[in-house]
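The values are calculated or read from the model by the stated rules, or taken from the named source; none is laboratory data. In this text the structure is predicted, and so the values were computed from the model without any measurement. FYI the Cβ positions are ideal-geometry reconstructions off the backbone, even for glycines, and counts take in every protein chain you see. Please note that ligands, DNA and RNA were not included when accessible areas were found on the heavy atoms of the full protein model with its side chains. Shrake-Rupley method; radii C 1.70, N 1.55, O 1.52, S 1.80 Å.
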Amino acid sequence: MTDTNRLAIIVLAAGKGTRMKSDLHKVLHPIAGRPMLMHLLASAAQLAPERQVVVAGHGRDQLEKALGSSATIAVQDPQLGTAHAVQQAESALAGFDGDVLILYGDVPFVRTETMQAMIARLHEADAPAAVVLGFTPADPLQYGRVITQGDRVVKMVEHKDATEEERQCRTCNSGLMALRSADLFGLLARVGNDNAQGEYYLPDVVNIAMADGRTCAVVVTADEDEVAGINSRAELAKAEARWQQRRRAAAMADGATLIAPKTVWFAWDTKIGRDVLIEPNVFFGPGVTVADNVTIHAFSHLEGASLAEGVQIGPYARLRPGAVLEEKAKVGNFVEIKNAVLHKGAKANHLTYLGDADVGAGANIGAGTITCNYDGYFKHKTVIGERAFIGSNSALIAPVKIGADAIVAAGSAVSRDVGDGELRMVRAEQLVKPGWADRFHDAMKKKKG
């Protein structure tokens, strides 16, 4: 924003969220692995707000922990309505002279472009005192109405207080609003609570401004989902489904193949390259980057992982935070990788756990191999050299280094470093007793008989 168009954000998040039936604050419930409040703030951040105030009530400590220093917390106690909630931000905006955008923490998917349109309308020639964001739902339900002439507001009315004629209006109030700080708190101070609920309604600032002879305007979004509030687990699930549907479509439009799109779940920050093949039932947690020409087989779970070009994983693979697969590395079925790097062309094809490890280029990890990285108190690292071959069912007891071109024989438990090119075999001596099994079977059969 320019010096002449400074911006502050007020986010209302004081509701108790009782319909969620949760100890977690409503606006911290995640969609695509990210709290809904953070989705909203990320969109607002593109407008570079000078100040951000989140109005809290129940669960203030959770919001403070989640937001850190990124926003000021204002407290509404008791909760006496939306106008009263916005009033609680007044001290946090002391000395601020600019535009104020009022948002709702449980309405997370308002686009930056919509916010910008509201602010732009605030600065048009007729200089409205307030700009309201309206929408036209298929079913107006219990929404408050915005009675308009063109894009000028004639009246704002809550559904409970509207006449039957006013309820025929299709333009509904989203609750979002833009005003100048010089107008906002003066108007709020004049809001009364003479209504069906006995609350101080934020939309009344519009009616007060118009009674003063000021113009107020509406910006209407055509996307009902953009202003959909989330108040229950069912609504949360619907929001997740809408988000996932858009993200899947975007991934395919950008050149990825999703064999069964509805079974693939992305996180808010998942990055997918071109010519990526994603088979059914794949889940992406936060922090995953996938380069071009990667194949992710069915039933794999990825979080905090980086996959370079040509990598193959799965089916039934689990990549945990810190998993880095370099070019053409391969992770097969029932393999778990955590805080480990597989360098170019390294393979762990099945039934393996690699944690806190560095696996050299071209190394081959046999089935059933594990890195024993935790001693009950500390994590330790395993380093496997280039082209090393780790035989099946081996335990590498960290800290340990396996040299380049070394071979660890199947079934070994390795607790000391293995040099380059060495063979390490850690097995008990095999004992052979000819005929023992035959005599055992005969004795058991007689005993059973």
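The listed residues 274, 170, 121, once ranked by accessible area (1.4 Å probe) with the largest placed first, stand as 274, 170, 121. Within the same chain, aspartates and glutamates fewer than 8 places from residue 446 are excluded, and of the rest, those with a Cα less than 19 Å from its Cα are 438.
With 25 Å as the limit, the listed pairs 271/379; 271/328; 347/401; 65/238; 65/381 have 271/379; 65/238; 65/381 beyond it between alpha carbons. Reachable aspartates and glutamates from residue 21, Cα under 19 Å, same-chain residues fewer than 8 places away excluded? Hits, sequence-local ones excluded: 61, 106, 235, 240.
Every pair of different Cα atoms in segment 107-200 enters the Kirkwood calculation, which places the hydrodynamic radius at 14.6 Å.
Using every pair of separate Cα atoms, the Kirkwood estimate puts the hydrodynamic radius of segment 184-266 at 17.0 angstrom. Toward the positive end of the charge dipole of segment 10-119, with +1 on the Cβ of Lys and Arg and -1 on the Cβ of Asp and Glu, the farthest Cα among 10, 31, 103 is that of 31. For the chain, the relative contact order works out to 8 percent when only alpha carbon pairs closer than 8 Å and six or more residues apart are counted.
Just report the Cα centroid separation between segment 333-369 and segment 19-63, whole Å. Each part reduced to its Cα centre gives a spacing of 38 Å.
Annotation for residue 50 and residue 214: the two label points, set 7 Å from Cα along the Cα-Cβ direction, are 1.8 nm apart.
Shown for segment 283-359: the carbon plus sulfur share of the solvent-accessible area, taken with all protein chains present and a 1.4 angstrom probe, equals 51%.
Take the Cα of residue 246, step 7 Å toward its Cβ, do the same at residue 428, and the gap between the two points is 6.2 nm.
Ignoring ligands, DNA and RNA, what percent of the accessible area of segment 50-137 is carbon or sulfur (1.4 Å)? Ligands and nucleic acids excluded, carbon and sulfur give 47 percent.
Compared with the direct C-alpha span, the chain from residue 97 to residue 5 gains 32.2 nm at full extension, assuming 0.36 nm per residue.
For the chain, the per residue solvent-accessible surface stands at 48 Å², with DNA, RNA and ligands left out and a 1.4 Å probe.
Probe radius 1.4 Å, ligands and nucleic acids ignored: give me the carbon and sulfur share of the accessible area of segment 159-236 as a rounded percent.
The computed percentage sits at 43.
Over the C-alpha atoms of segment 331-449, the Rg to Rh ratio, Rh being the Kirkwood estimate, stands at 1.19.
If you plug the beta carbon distance of residue 289 and residue 380 into 1/(1 + (r/R0)^6) with R0 = 30 Å, you get a FRET efficiency near 0.65. Multiplying the residue separation of residue 420 and residue 16 by 0.36 nm and removing their Cα-Cα distance gives an extension gain of 139.2 nm. Compared with the alpha-carbon gap, the fully stretched path from residue 34 to residue 233 is longer by 70.1 nm at 0.36 nm per residue.
What is segment 107-155 by shape, rounded, prolate or oblate, if you read a ≥ b ≥ c off the alpha carbon gyration tensor as root eigenvalues and call it rounded for a/c under 1.5, prolate for a/b larger than b/c, and oblate otherwise? Here segment 107-155 falls in the oblate category. In the elastic network of the chain, a GNM with C-alpha springs shorter than 10 Å, the most mobile of 73, 365, 208 is 208. Using only Cα atoms, locate the centre of segment 153-193 and the centre of segment 375-415, then give the distance between them in Å, rounded to an integer. When both Cα centres are located, 68 Å separates them.
Springs between alpha-carbon pairs under 10 angstrom, Gaussian network model over the chain: which of 38, 177, 425 fluctuates most? The residue that fluctuates most here is 425. Using only Cα positions of segment 261-389, each an equal point scatterer, no hydration layer, compute I(q)/I(0) via Debye at q = 0.13, 0.21, 0.22 Å⁻¹ and quote the log10 values to two decimals. Taking Cα atoms of segment 261-389 as identical point scatterers yields -0.46, -1.16, -1.26.
Ranking of 181, 306 by solvent-accessible surface, largest first: 306, 181 (1.4 Å probe, protein heavy atoms only, all chains present). At the residue level, residue 172 shows approximately 0 square angstrom of accessible surface with a 1.4 angstrom probe and all protein chains present. When the residues 377, 353 are ordered by accessible surface, computed with a 1.4 Å probe over the protein chains alone, the sequence from largest down reads 377, 353.
Over segment 141-243, Cα pairs under 8 Å with separation of 6+ residues give a relative contact order of 25 percent. Along its first, second and third principal axes, ordered by size, segment 391-443 spans 50, 20, 15 Å in Cα coordinates. Measuring nothing but alpha carbons in the chain and taking Rh as the Kirkwood radius, the Rg to Rh ratio lands at 1.18.
With Rh defined as the Kirkwood radius, the inverse of the mean 1/r over Cα pairs, the Rg/Rh of segment 358-417 is 0.95.
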